[in-house]
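Asks: Please see the structure below; I have some questions.
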Amino acid sequence: MAKMKPADISRQDGFDAPVPAGGYAWWYLDAISENEDYGLTMIAFIGSVFSPYYAWAGRTEPLNHCAINIALYGRDRTRWAMTERGSADVERSAQSFKVGPSALNWDGDTLVIDINERGMPLPQRVTGQIRVRPRSINRQDFVLDAAKRHTWRPIAPSASVEASFSAPGLTWSGDGYLDHNRGVEALEDGFSYWDWSRAQLDSGSTAVLYNTDPRTTDPRTLSLLFRPDGSVESVDPPPEHHLSPTGVFRIRRRTRADPGTTPRIVRTLEDTPFYSRSIVDAQLFGQRAASFHESFDGDRLRSPVVKLMLPFRMPRLARSR
């Protein structure tokens, strides 16, 4: 396992990296249990890209619009929480990021995530700890648009994850993935649509497929294999497949899979007015894989009506300094 050292936290990746007015930064984790019965995602935001409050405030102060979003998935223990907080409740350094009662902290080679949130729309507690141990560290950035206004770095394409929650009561371990995105403009201003997926392959490699539709340049596809030794290989993307749209908000979904095979949606985890999150079963590069998959519709997020809907699930608590 690669050891996390201060040098591995670059100026761009550190939690204290500058975020310009109008811009954003987020750190994303997903994980699925060994038996595939449970999963989670965690996103820590500066200048929350989905925040109506940030948009309504003119996107002038990204540090005044931070949140830690946690989603737990399981047959009987599903929770979702995302409370936005102001700069008075934010503390950060290169290796730690605290937003209200929740925090991320690099402890040696382990990212420790302490969650203490209240769920929405049901006000259930979400309390627990996630420990993320990268199996390798990737040091390459990838731009998502020709103008280089949006950048992505998969920090740990493969990681071992331990989740232990008291609310709801559950403990499991499995495989995970950690990345970092940053940009200098609103996500919906940069893209009309994108889809993204990652899959842990039996070979030990992680396959990541990124398809973006920038508003001002041609579509871009990234098809990457991250090897267990830390190397990364750009490979020809498998053929594109259109999946069924989500059931409630009809978000369109597309993905990629090996020629002659048909991917299928195992479960829709999130069906929102502007994005979906799903588990997709597909054959990729000759191997069956269960992928975390997301689709984002920038045109939907631009809608004033959609922005008015979001506080129902994304409340804001901000106190004065």
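Asks: Any chance you could count how many residues in region 60-82 are in contact with a Ser or Thr (Cβ under 9 Å, 6 or more places away or on another chain) and either among the polar types (S, T, N, Q) or in a loop (DSSP other than H, G, I, E, B) (or both)?
Replies: Residues that pass the stated criteria total 6.
Asks: Shifting gears a bit: Can you confirm whether Leu122 is in a loop (DSSP other than H, G, I, E, B) and among the aliphatic types (A, V, I, L, M)? Even if it seems obvious, please write down each step before you answer.
Replies: Numbers: in a loop (DSSP other than H, G, I, E, B): yes; among the aliphatic types (A, V, I, L, M): yes.
Yes: the conditions hold for Leu122.
Asks: Right, another one. Which is under 19 Å from the mean Cα position of the chain (by Cα) and among the small types (Gly, Ala, Ser), of Ala318, Ala290, Ala282, Ala257?
Replies: Values: Ala318 fails: under 19 Å from the mean Cα position of the chain (by Cα); Ala282 fails: under 19 Å from the mean Cα position of the chain (by Cα); Ala257 fails: under 19 Å from the mean Cα position of the chain (by Cα).
Testing whether each residue is under 19 Å from the mean Cα position of the chain (by Cα) and among the small types (Gly, Ala, Ser) leaves just Ala290.
Asks: Tally up the residues in region 80-104 that are open to solvent by less than 50 Å² (accessible area, probe 1.4 Å) and either over 19 Å from Gly119 (Cα atoms) or of a type in the set (Lys, Arg) (or both), please.
Replies: Initial filter on region 80-104 (open to solvent by less than 50 Å² (accessible area, probe 1.4 Å)): 80-90, 93-94, 96-97, 99-100, 102-104.
Filter once more, keeping what is either over 19 Å from Gly119 (Cα atoms) or of a type in the set (Lys, Arg) (or both): 85, 87-88, 90, 93-94, 96-97.
The number of residues fulfilling the criteria is 8.
Asks: Moving on to the next point. Which ones in region 146-169 are surrounded by fewer than 19 Cβ atoms within 10 Å (Cβ to Cβ) and either among the polar types (S, T, N, Q) or in a strand (DSSP E or B) (or both)?
Replies: Hits for region 146-169 are Thr151, Arg153, Ser160, Glu162, Ser164, Ser166, Ala167, Gly169.
Asks: If you don't mind, there's one more thing I want to ask. Considering only region 51-79, state which residues are within 15 Å of Thr41 (Cβ to Cβ), open to solvent by less than 30 Å² (accessible area, probe 1.4 Å) and of a type in the set (S, T, N, Q). Even if it seems obvious, please write down each step before you answer.
Replies: From region 51-79, those within 15 Å of Thr41 (Cβ to Cβ) are 67-74, 77-79; that's our starting set.
Retained after the next criterion (residues that are open to solvent by less than 30 Å² (accessible area, probe 1.4 Å)): 67-74.
Correct list: Asn69 only.
Asks: For Ser192, are the conditions met, namely being in contact with a helix residue (DSSP H, G or I) (Cβ under 6 Å, 6 or more places away or on another chain), closer than 30 Å to Met120 by Cα, open to solvent by 20 Å² or more (accessible area, probe 1.4 Å) and at pLDDT 95 or above?
Replies: Numbers: in contact with a helix residue (DSSP H, G or I) (Cβ under 6 Å, 6 or more places away or on another chain): yes; closer than 30 Å to Met120 by Cα: yes; open to solvent by 20 Å² or more (accessible area, probe 1.4 Å): yes; at pLDDT 95 or above: yes.
Judged against the criteria, Ser192 is a match.
Asks: Please go through (1) in contact (Cβ under 8 Å) with a residue 40 or more places away in the chain; (2) part of a strand (DSSP E or B); (3) farther than 23 Å from Val49 by Cα for Val112 and return the number of the only condition it doesn't satisfy.
Replies: (1)
Asks: Restricting the search to region 211-226, which residues are touching a residue at least 60 places away in the same chain (Cβ under 8 Å), not β-branched (Val, Ile, Thr) and not in a strand (DSSP E or B)?
Replies: Within region 211-226, Arg215, Asp218 meet the criteria.
Asks: Out of curiosity, is Ala199 touching a residue at least 24 places away in the same chain (Cβ under 8 Å), crowded, with 17+ Cβ neighbours inside 10 Å and touching a Pro at 6+ places or on another chain (Cβ under 8 Å)? Please lay out each step first, then the result.
Replies: Values: touching a residue at least 24 places away in the same chain (Cβ under 8 Å): yes; crowded, with 17+ Cβ neighbours inside 10 Å: yes; touching a Pro at 6+ places or on another chain (Cβ under 8 Å): no.
No.
Asks: Is one or more of the residues making up region 147-156 at positive phi and over 16 Å from the mean Cα position of the chain (by Cα)? Working first, answer last.
Replies: First, pick out the residues of region 147-156 that are at positive phi: 148.
Checking which are over 16 Å from the mean Cα position of the chain (by Cα) leaves us with 148.
Yes, region 147-156 contains at least one residue that is at positive phi and over 16 Å from the mean Cα position of the chain (by Cα).
Asks: Considering (1) closer than 13 Å to Phe296 by Cα; (2) touching a Leu at 6+ places or on another chain (Cβ under 6 Å); (3) not basic (Lys, Arg), say which one Ala207 fails and leave the rest.
Replies: The one condition Ala207 does not meet is (1).
The values are calculated or read from the model by the stated rules, or taken from the named source; none is laboratory data. Worth saying up front: this structure is predicted, and the values here are computed from it rather than measured. Counting neighbours? That spans all protein chains shown, and the Cβs are built from the backbone with ideal geometry, glycine included. Keep in mind that these areas ignore ligands, DNA and RNA; they rest on the heavy atoms of the full protein, side chains included. Shrake-Rupley method; radii C 1.70, N 1.55, O 1.52, S 1.80 Å.
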